[in-house]
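> Below you'll find the structure I mean.
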Amino acid sequence: MAEKLLEVNGVSKIFRIGGMLMGKKMTAVDDVSFSIDSGKPVILSIVGESGCGKSTLCKMILRLHNPDMGDITLLGHKYSDKKNYDPKQFKLDVQPIFQNPYETFSMRKTVDSYLYNTALRLGICGNRAEADKLIDETLHAVGMSLQVVKGKYMTQFSGGELQRISIARALLTKPKIIIADEPVAAIDASMKMNIVNLFKDLKEQFQVSFLYITHDLSTAYYVSDYIATLYRGGLIEYGPAKEIMDNPAHPYTDLLMNAVPRVGDKWDESMKMPDMETKEYAITYCKFAPRCPYATDECRKARPDMKNIGEGRQVRCFHPLQHSAS
Ligand SMILES: Nc1ncnc2c1ncn2[C@@H]1O[C@H](COP(=O)(O)OP(=O)(O)O)[C@@H](O)[C@H]1O
Ligand SMILES: [Mg+2]
């Protein structure tokens with residue numbers, strides 16, 4: 001069997017809110033499992049509303065948080081076997097891109113210093129001349145150049161340009177996977193698709209997979225190979241993007257897809273959930289049942305398992321939507 005690129009296996013993260021005595025526990029990520037095959041690179045989008053646990057899941061994959069349950073394996077290295085994964089190799093294999101490029105770069109350092117730092121510190125380039133060449137080539141791949149970037153500070157670039165430079169920096173290590181947590185959320189609407197579309201080209205050119213995290217379905221719609229829907233910490237649907245978009249099986253994904261509009265449209269305000277109450281995280285039956293138009297007594301008694309529905313698709317629902325094959 002081919003080695004998986006990434007395996008997320010029954011992963012949960014529980015936060016304690018408030019004091020040790022009176023505090024409550026909140027399951028921000030709840031028993032999430034999915035995997036990405038190695039070999040052909042893919043873009044897997046994880047979609048879900050604000051607060052559903054996307055960043056917490058990213059942080060666990062980036063080893064910034066330890067899972068409270070479950071385990072993550074990347075290229076055969078199990079995270080819980082701490083000795084097993086050389087930290088330097090991990091930095092080369094997995095690269096993050098964060099939401100706000102203005103927080104990625106400091107006001108006091110030139111932007112190119114980040115690129116040189118990555119190229120020289122991680123041993124990718126042996127000397128400055130090699131670094132110049134690699135950095136320039138990589139900046140060209142994202143539509144910029146070293147000439148344009150050199151010696152300039154963060155304030156001399158737009159958010160979109162800074163995010164392109166962040167992507168170039170991530171590519172310098174020739175990573176196997178880039179974890180992009182809402183990389184265009186802080187970018188002008190008109191530039192969002194340019195950047196997300198870039199992922200498609202870079203996937204082929206650099207043979208790198210992307211985990212693209214977004215609350216903005218319209219951007220995921222056009223670039224994803226696979227889609228995973230998160231709802232209140234739990235994965236509720238997973239599968240090839242086209243099949244899910246054409247025929248969502250979970251009523252929640254259906255609700256989201258019906259609202260997938262044109263590029264740049266925001267999440268439909270009418271679908272915004274009220275702030276999540278701690279008690280709602282503790283629902284032991286189907287978490288979507290309180291909002292689901294199809295919920296039955298069964299849905300209010302037990303939590304459905306993730307079940308296979310063919311075509312590589314999985315759905316966590318007792319009554320997945322049936323679509324005619326027309
Ligand atoms: N360090 C933390 N301590 C306590 N609660 C947290 C922490 N990080 C995130 N949360 C909570 O976990 C839930 C999921 O957060 P997050 O993963 O940031 O969601 P998303 O990225 O989908 O918006 C939210 O209710 C958030 O308030
Ligand atoms: Mg987030």
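> Can you report the number of residues in segment 185-237 which are of a type in the set (A, V, I, L, M, F, W, C), over 28 Å from residue 318 (Cβ atoms), within 16 Å of ligand 1 (Cβ to nearest atom) and at pLDDT below 95?
2
> If you scan segment 301-326, which residues turn out to be touching an Asp or Glu at 6+ places or on another chain (Cβ under 8 Å), aliphatic (A, V, I, L, M) and modelled with pLDDT under 95?
321
Okay, residues lined up against (1) within 16 Å of ligand 2 (Cβ to nearest atom); (2) not acidic (Asp, Glu):
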site: 9; (1), (2): no, yes
site: 26; (1), (2): yes, yes
site: 39; (1), (2): no, yes
site: 43; (1), (2): no, yes
site: 57; (1), (2): yes, yes
site: 61; (1), (2): yes, yes
site: 68; (1), (2): no, no
site: 88; (1), (2): no, yes
site: 93; (1), (2): no, no
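> Among (1) at pLDDT 95 or above; (2) surrounded by 14 or more Cβ atoms within 10 Å (Cβ to Cβ), where does residue 298 come up short?
(2)
> For segment 17-36, check the following and say yes or no: at least one residue is under 21 Å from residue 203 (Cβ atoms), surrounded by fewer than 17 Cβ atoms within 10 Å (Cβ to Cβ) and not aliphatic (A, V, I, L, M).
Looking through segment 17-36, at least one residue is under 21 Å from residue 203 (Cβ atoms), surrounded by fewer than 17 Cβ atoms within 10 Å (Cβ to Cβ) and not aliphatic (A, V, I, L, M).
> Would you say residue 138 is farther than 24 Å from residue 92 by Cβ, buried (at least 22 other Cβ atoms within 10 Å of the Cβ) and of a type in the set (Ser, Thr, Tyr)?
No, not satisfied.
> Filter segment 29-58 down to the residues that are modelled with pLDDT of 95 or more, more than 15 Å from residue 72 (Cβ to Cβ) and of a type in the set (Gly, Ala, Ser) and list them by number.
Those that are modelled with pLDDT of 95 or more, more than 15 Å from residue 72 (Cβ to Cβ) and of a type in the set (Gly, Ala, Ser): 45, 55.
> Sticking with this one: Of everything in segment 63-85, what is under 19 Å from residue 30 (Cβ atoms) and of a type in the set (D, E, K, R)? Give them in sequence order.
68, 71
> For residues in segment 198-220 being under 15 Å from residue 94 (Cα atoms) and polar (S, T, N, Q), which is surrounded by the most Cβ atoms within 10 Å (Cβ to Cβ)?
Per the stated criteria, the residue is 209.
Yes or no, residue by residue, for (1) closer than 30 Å to residue 291 by Cα; (2) under 15 Å from the mean Cα position of the chain (by Cα); (3) surrounded by fewer than 23 Cβ atoms within 10 Å (Cβ to Cβ):
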site: 182; (1), (2), (3): yes, yes, yes
site: 222; (1), (2), (3): yes, no, yes
site: 234; (1), (2), (3): yes, yes, no
site: 244; (1), (2), (3): yes, no, no
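> Considering only residues that are crowded, with 24+ Cβ neighbours inside 10 Å and within 16 Å of ligand 1 (Cβ to nearest atom), which ones fall in segment 37-51?
45, 46, 47, 48
> Residues of segment 121-133 being in a helix (DSSP H, G or I) and either at pLDDT below 95 or surrounded by 20 or more Cβ atoms within 10 Å (Cβ to Cβ) (or both), which ones?
121, 131
The values are calculated or read from the model by the stated rules, or taken from the named source; none is laboratory data. None of the values given here were measured: they were computed from a predicted structure. Every residue, glycine as well, gets a Cβ built from its backbone with ideal geometry; the counts of neighbours run over all protein chains shown.
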